[in-house]
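Q: The structure under discussion is supplied below as structure tokens; questions concerning it will follow.
The values are calculated or read from the model by the stated rules, or taken from the named source; none is laboratory data. Quick caveat, the model's predicted, so the values are computed rather than measured. Cβ atoms come from the backbone with ideal geometry, glycine included; neighbour counts cover every protein chain shown.
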Protein chains: 2
Amino acid sequence: MSEVTSRPTLEAVAARAGVSRATVSRVVNGGEGVREPLVERVRRAVEELGYVPNQAARSLVTRRHDAVAVVIAEPETRVFADPFFALQLRGIGKELTAHDSQLVLLLTEGRDDHVRVGRYLAGGHVDGALVFSLHLDDPLPGLIHGAGVPTVFGGRPGWGDGVPDVVYVDSDNRGGARDAVRHLVGLGRTRIGHITGPLDQTSAVDRFQGFRDVMVDAGPRMVVEGDFTPAGGESAMRELLDRCPDLDAVFAANDLSASGALRALRERGRRVPDDVAVVGFDDMLPVAEQTDPPLTTIRQDIEEMGRLMARLLLGGLEPRGAGREATSAPSSVVLPTTLVRRASA
Amino acid sequence: MSEVTSRPTLEAVAARAGVSRATVSRVVNGGEGVREPLVERVRRAVEELGYVPNQAARSLVTRRHDAVAVVIAEPETRVFADPFFALQLRGIGKELTAHDSQLVLLLTEGRDDHVRVGRYLAGGHVDGALVFSLHLDDPLPGLIHGAGVPTVFGGRPGWGDGVPDVVYVDSDNRGGARDAVRHLVGLGRTRIGHITGPLDQTSAVDRFQGFRDVMVDAGPRMVVEGDFTPAGGESAMRELLDRCPDLDAVFAANDLSASGALRALRERGRRVPDDVAVVGFDDMLPVAEQTDPPLTTIRQDIEEMGRLMARLLLGGLEPRGAGREATSAPSSVVLPTTLVRRASA
């Protein structure tokens, strides 16, 4: 940004406060190593003159870019087709905007592009990265680690168990899945199937675990792997009905696959919930309200997850000192889920 | 990227070619100011050794970041709701990936954020910018000009008329609109209404001009401003029917607003096309095929527009010399449109 000449300069602040330019600069950018009386004098001069720090100069001192990268480890076609990502980006965008930090979305076509993403992250263009929809064996975590930028993950990364410096925001996927299946059991259902998400993602694995926690005796024929899409849910449902024609309930690992399952059930002449009860996961609107019948599901607050990811990252970037409480390193957050009852179960 | 030790170094190439490191570096990065016999020797050494330039070093010399920003001057909610943007991004992404350049999507909540976007563009993070969905009075073009990055616009910018160094990719909006309205006239329709797009965008203004080119005598009551969304098209259609109950055709400025118009017509008991014929613009799939009845529309190749934008930008960034033909400065491209007949008109 070019300075408008009428704007007060760093020099003017230094003169007014009776200190050096360097001291003003240090105070403006966090105040490390400046004695409190001087800090006070500079702050007063800044207020009196209405001084706004020049962004480029500030960046030189703080090494901040006021930009945060968002990396979604999915092809761009899925990013735009699944409202999950739009919701999470909305939460992230709101929080970043409130901190005048630019959301930089790095789109990829496929896994081959992740080397390039790592290069961009390492290139000094962003203050940190928010990464979600990681799959097992993805080279991205290693590349990000190599890039050395602070990172918060959306969803527990599969490789991060017990590693203390991996920070993530997740929902209680396993507990939510247990609630879904217990609800079906409470309705008197006994032959309960499960359509999983892609099992190279921890969210899908955790929901599958929750299903098994309740259905300890369910055989593998009651479980079909889906891919979190309506088409995947539809074909998984057909497969379940072929394997177990007298199935009386299904827990789908997300609402999009539940909507596909409902289509397959209608096609096969099964009434929902009379013949087969259906529970989803997400409470993704408008999807969950517009299915026929409307979907009973497990609610997770996707937008809030995005907001929290951004907040954790920005909090970790805050300079210490300057009168601020020394904050502890950010730690991961797991949000609770709730059952939302509609007509399908 | 860290160098793998077994990879041949710049020094090895220099030794093999019998030239200095600086000469190798200049040749590898475009060859400006190096005599042809030396260029040849270096090239041969590069080939023989299988030398791959180190990315960071290359960036220092070429000042290339191998990243291109995409700025969509719309709130992120619209970016994700309107398939137009996903299609254009797909075209851009394919072209950038083919050139190993990273797509950096800068999301904004609103116009207030555009100062921050300008700052990011000016900060040396990208080689150029692709900017679309500009509205009149948007501060973005000025900010981008100030940032000094090469830019290609999607859609003719309203302020760029006759300015030779503004490069854009657009469709023949006016000609396409004329074809739409002439088609309705050819069906014998005489009371033809028009639902415009937001008239602070040149695409909407140009389509409106095309409508007027054919309907020279149409009064202002036959035209209602929409906003390119289904909801906007629906309320504009109601307004048109209130003003002119015996209207027998409507040209909607895009397919999404045409889909809303079809809803309003059905609600008012008008048969399409018997009572009212409808033509849209875009040939956006699956929207145009899934309306009831399927939509007659003007096709523009949105993905191709994105691809061309990226290609023009990257072409303008290519270094001259080094045996390459000196390319002329890129110039704007206007793509033709075609009428696609389905059931609605």
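Q: Is it the case, given these coordinates, that B:Gln55 is within 30 Å of B:Ala12 (Cβ to Cβ) and either at pLDDT below 80 or away from every other protein chain (no Cβ under 12 Å) (or both)? Break it down stepwise before answering.
A: On the way: within 30 Å of B:Ala12 (Cβ to Cβ): yes; either at pLDDT below 80 or away from every other protein chain (no Cβ under 12 Å) (or both): yes.
Answer is yes for this residue.
Q: Follow-up question, since we're still on this one. Residues in region A:30-38: is at least one exposed (fewer than 15 other Cβ atoms within 10 Å of the Cβ), within 14 Å of chain B (Cβ to nearest Cβ) and at pLDDT 70 or above?
A: Taking every residue of region A:30-38 in turn, none turns out to be exposed (fewer than 15 other Cβ atoms within 10 Å of the Cβ), within 14 Å of chain B (Cβ to nearest Cβ) and at pLDDT 70 or above.
Q: Same structure, new question: Being surrounded by fewer than 16 Cβ atoms within 10 Å (Cβ to Cβ) and in a helix (DSSP H, G or I) is the filter here, so list the residues in region A:199-222 that pass it.
A: A:Gln209, A:Asp213, A:Pro220, A:Arg221
Q: Taking region B:108-138 as the region of interest, how many residues are among the aliphatic types (A, V, I, L, M) and assigned to a loop (DSSP other than H, G, I, E, B)?
A: From region B:108-138, those among the aliphatic types (A, V, I, L, M) are B:115, B:117, B:121-122, B:126, B:129-131, B:134, B:136; that's our starting set.
This time we only want the ones that are assigned to a loop (DSSP other than H, G, I, E, B), so: B:126, B:134, B:136.
Looking only at that region, the number is 3.
Here's the yes/no breakdown for (1) not assigned by TED's automatic domain parsing to the domain that holds B:Ala122; (2) not aliphatic (A, V, I, L, M):
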| site | (1), (2) |
| --- | --- |
| B:Pro157 | no, yes |
| B:Val181 | yes, no |
| B:Asp200 | yes, yes |
| B:Arg212 | yes, yes |
| B:Met222 | yes, no |
| B:Leu241 | yes, no |
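Q: Pairs please, first residue from region B:247-274 and not assigned by TED's automatic domain parsing to the domain that holds B:Pro286, second anywhere and buried (at least 19 other Cβ atoms within 10 Å of the Cβ), Cβ atoms under 9 Å, 6+ apart in sequence or on different chains.
A: none
Q: Same structure again: Regarding region B:78-101, can at least one residue be identified that is within 22 Å of A:Leu87 (Cβ to Cβ), surrounded by fewer than 24 Cβ atoms within 10 Å (Cβ to Cβ), among the polar types (S, T, N, Q) and not assigned by TED's automatic domain parsing to the domain that holds B:Asn254?
A: no
Q: Return the pairs, sorted by first residue and then second, in which the second residue is among the aliphatic types (A, V, I, L, M) and in a helix (DSSP H, G or I), the first residue lies in region B:73-101 and is facing another protein chain (nearest Cβ under 7 Å), the beta carbons are less than 6 Å apart, and the residues are 6+ apart or on different chains.
A: As it stands, the answer is B:Phe80/A:Ala86, since those pairs meet every condition given.
Q: Same structure again: What tally of residues in region A:102-112 results from selecting those that are surrounded by 20 or more Cβ atoms within 10 Å (Cβ to Cβ) and either facing chain B (nearest Cβ under 7 Å) or in contact with a Phe, Trp or Tyr (Cβ under 8 Å, 6 or more places away or on another chain) (or both)?
A: Going residue by residue through region A:102-112, those that are surrounded by 20 or more Cβ atoms within 10 Å (Cβ to Cβ) are A:102-108.
Restricting the remaining residues to those that are either facing chain B (nearest Cβ under 7 Å) or in contact with a Phe, Trp or Tyr (Cβ under 8 Å, 6 or more places away or on another chain) (or both) gives A:102-107.
Final tally of qualifying residues: 6.
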